[in-house]
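For reference, the structure is listed below as structure tokens.
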Ligand code: BJ8
């Protein structure tokens, strides 16, 4: 890190020794997993810097924003509309939940058979190691899966300002109406928190800012269709992870710069792996920072990841919001339309997701799909069976993986993944 931030972390109430331990693990994993890769695009230097300063410079920026009167809102789900947050002059940060922490404390509040993502969100709070969580003026929970919905009841006792948003489970007229009324309620709560009334101009600007960020990621994704792949799946995942907490305009610029570089690489056939390396699409649960286990195993087992059908990936970023509305109400409708298309496995039935996975496999010329389910995640584990069937119909080999954040199954996963990659050659 470029300077000593210990004073800042102490003032925020972080547990310094726990936080040191977390940063040690994170820094070590980043070096071993990311910096050891060969022939990375130079533009990744930006993300290396962001990651090295993830609890430093970015937090200082956020605290400066707070000093200037801007509110910080934390979220755990891609259903929280960043457009509304930005339009009310606030900042949205994704709360990662990608590592085990303070598990013995967590298991006093949650059953052991809760998914790693939910446990992690509690662990970061109970261990007092997440400066994003500690700097948030409001945290948004969402009634998605049963695990999250019940866990928020307990999280509400641990954090100061938890706003729980209800979400539909069925895509129907009533489902859309519920989403619309919840987004209206969210807008009112955000306006009250910030003291800023959303206007036509501010909402339009916010929609354009978020669209630009998504368009940059779409551009990056389209580069991954090339063979040889100009960027590793690990580096592309990192860009998708940083999407959730970097300054939006700076993120958009940085991703577009990498894309300029990748265009040249594609023209020169300069890949990170040799041509005809087996190509894998990952589909399933979100992979939040620093959950890099699966892509690391895949890309050290002779394959390259060319896409993520995930909320930290294309499920989260694929659609833009129509910015052409003339009134706040019209643009709010456009926001509802945009988010209503997110095909999270909490929806029943959810045929759109199966179609999207088939489309992605074809578009990215994937030789095989790995379905990634977190242990105890009923929605995605249940849906992995129809996903496999849908892919079988298209003759696309599929491997279903069920895992958690521990390193105990790395050897076993590696053996299975190597055998799968061998089958794709
Ligand atoms: S829109 S995927 S970000 S809810 S892994 S907590 S589903 S038991 S994360 Fe998600 Fe929003 Fe849906 Fe996306 Fe539950 Fe499963 Fe745990 Fe999960």
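The values are calculated or read from the model by the stated rules, or taken from the named source; none is laboratory data. Every value quoted in this text rests on a predicted model; they were computed, and no experiment measured them. Here Cβ is always computed from backbone atoms with ideal geometry, including for glycine, and neighbour counts include all displayed protein chains.
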| Of the criteria (1) closer than 28 Å to residue 22 by Cα; (2) crowded, with 21+ Cβ neighbours inside 10 Å; (3) away from the ligand (no atom under 12 Å from the Cβ), which one residue 303 fails | (1)
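Got a sec? Which of 357, 417 is in contact (Cβ under 8 Å) with a residue 12 or more places away in the chain, part of a helix (DSSP H, G or I), within 16 Å of the ligand (Cβ to nearest atom) and in contact with a strand residue (DSSP E or B) (Cβ under 9 Å, 6 or more places away or on another chain)?
Result: 357 is the single residue among 357, 417 that is in contact (Cβ under 8 Å) with a residue 12 or more places away in the chain, part of a helix (DSSP H, G or I), within 16 Å of the ligand (Cβ to nearest atom) and in contact with a strand residue (DSSP E or B) (Cβ under 9 Å, 6 or more places away or on another chain).
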| query | Given 115, 130, which one is within 10 Å of the ligand (Cβ to nearest atom) and buried (at least 22 other Cβ atoms within 10 Å of the Cβ)? | reply | 115
| How many residues does segment 7-53 hold that are within 30 Å of residue 262 (Cα to Cα), touching a residue at least 12 places away in the same chain (Cβ under 8 Å) and not in a helix (DSSP H, G or I)? | 8
| Residue in segment 143-156 that is farthest from the ligand (Cβ to nearest atom), counting only those that are touching a residue at least 40 places away in the same chain (Cβ under 8 Å) and in a helix (DSSP H, G or I) | 154
| Members of segment 205-256 that are crowded, with 23+ Cβ neighbours inside 10 Å and out of contact with any helix residue (DSSP H, G or I) (no Cβ under 8 Å at 6 or more places or on another chain) | 229, 241
| field | Count - residues of segment 244-290 that are closer than 18 Å to residue 44 by Cβ and in contact with a strand residue (DSSP E or B) (Cβ under 8 Å, 6 or more places away or on another chain) | value | 5
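Taking the options 162, 95, 179, name whichever one is away from the ligand (no atom under 14 Å from the Cβ) and either over 23 Å from residue 404 (Cα atoms) or within 20 Å of the chain's Cα centre (by Cα) (or both).
162
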| remark: Over segment 54-82, the set of residues within 16 Å of the ligand (Cβ to nearest atom) and either under 15 Å from the mean Cα position of the chain (by Cα) or assigned to a helix (DSSP H, G or I) (or both) is 74, 75, 76, 77, 78, 79, 80, 81, 82
| field | Any pair with Cβ under 6 angstrom, 6 or more apart, that starts in segment 374-396 at a residue that is closer than 14 Å to residue 356 by Cα and within 16 Å of the ligand (Cβ to nearest atom) and ends at one that is modelled with pLDDT of 95 or more and not in a helix (DSSP H, G or I) | value | 383/345; 384/371; 384/373; 384/400; 387/371
| request: Report the residue count in segment 158-204 for those that are in a loop (DSSP other than H, G, I, E, B), surrounded by fewer than 16 Cβ atoms within 10 Å (Cβ to Cβ) and in contact with a strand residue (DSSP E or B) (Cβ under 7 Å, 6 or more places away or on another chain). | output: 1
| said: Of the conditions (1) within 30 Å of residue 349 (Cα to Cα); (2) without any contact (Cβ under 8 Å) to a residue 40 or more places away in the chain; (3) not in a helix (DSSP H, G or I), residue 140 satisfies every one except a single condition; which number is it? | reply: (2)
| note | All-but-one check, residue 87 against (1) in contact (Cβ under 8 Å) with a residue 24 or more places away in the chain; (2) in contact with a strand residue (DSSP E or B) (Cβ under 8 Å, 6 or more places away or on another chain), failing number (2)
| request: Quick one: in segment 324-349, of everything that is buried (at least 18 other Cβ atoms within 10 Å of the Cβ) and not in a helix (DSSP H, G or I), which residue is farthest from the ligand (Cβ to nearest atom)? | output: 325
| said: From the list 126, 178, 167, 110, exactly one residue is under 20 Å from residue 350 (Cβ atoms) and free of Cβ contacts under 8 Å to residues at least 60 places away in the same chain. Which is it? | reply: 178
| request: Select from segment 213-243 the residues that are under 13 Å from residue 306 (Cβ atoms) and outside any helix (DSSP H, G or I) and list them in ascending order. | output: 224, 225, 226, 227, 228, 229, 230, 231, 232
